[in-house]
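Reviewing the structure listed below.
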Amino acid sequence: MDPAAQIGLRDLGYAIAKAGEDKEKNGGKIHVKAIAKQLRKLCLAAAQTADARARGRADRIEARSKYKLVDLQGKQIAGVDPHLKEEYLADEDFVAAFGVNRETFEKFPAWKKQQLKKKANLF
């Protein structure tokens, strides 16, 4: 987990614990402002981290050499990470292999990506 997210979760936990303590002092009422504030910070940090990772991944993919689908199927090519062959596909071959663009593919859960890679013989 991202260190910023860990700190955010810790702070959220403190805010919840504090609200529980305050509940006893305030006649059973919980003031949720502190919890909501920490939750907003955590969500913002998570979104910023996800955006940064997506931009970094897109930059790395753009910088890689592009290959045809038939060149990557079932073969090991020097300089190509065998676990990330989909990142080396030319754009038109990527869509042909997976039926979706890169952006949509990245949103899929890991199991679905693996399933599509197996179907396209990219192992």
Inset, instruction - Would you mind checking which residues have amide H under 5 Å from Tyr67's amide H? H placed 1.01 Å from N; only 5 or more apart, or other chain. - result: Leu89, Ala90
Legend entry - FRET efficiency, Asp81 to Arg102 (Cβ-Cβ, R0 22 Å, nearest 0.05): 0.85
Legend entry - Derived scalar couplings ³J(HN,Hα) [segment 91-100; Karplus, 6.51 cos²θ - 1.76 cosθ + 1.60; whole Hz; x for Gly, Pro]: 4, 5, 6, 4, 5, 5, 6, 10, x, 9
Inset, instruction - Could you list the residues of segment 71-92 with an amide nitrogen less than 20 Å from a label point located 7 Å from the Cα of Lys112 in the Cα-to-C-beta direction? - result: 84-87
Legend entry - Descending Cα extents along the principal axes, segment 69-119, whole Å: 28, 22, 17
Inset, instruction - With r as the distance between the Cβ atoms of Ala36 and Glu92 and R0 = 35 Å, compute the FRET efficiency 1/(1 + (r/R0)^6) and round to 0.05. - result: 0.15
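Rule-based calculations on the coordinates, nothing more; no lab input. No experiment lies behind these values; they were computed from the predicted model shown. Glycine gets a Cβ as well: all are built from the backbone with ideal geometry, and neighbour counts include every protein chain shown.
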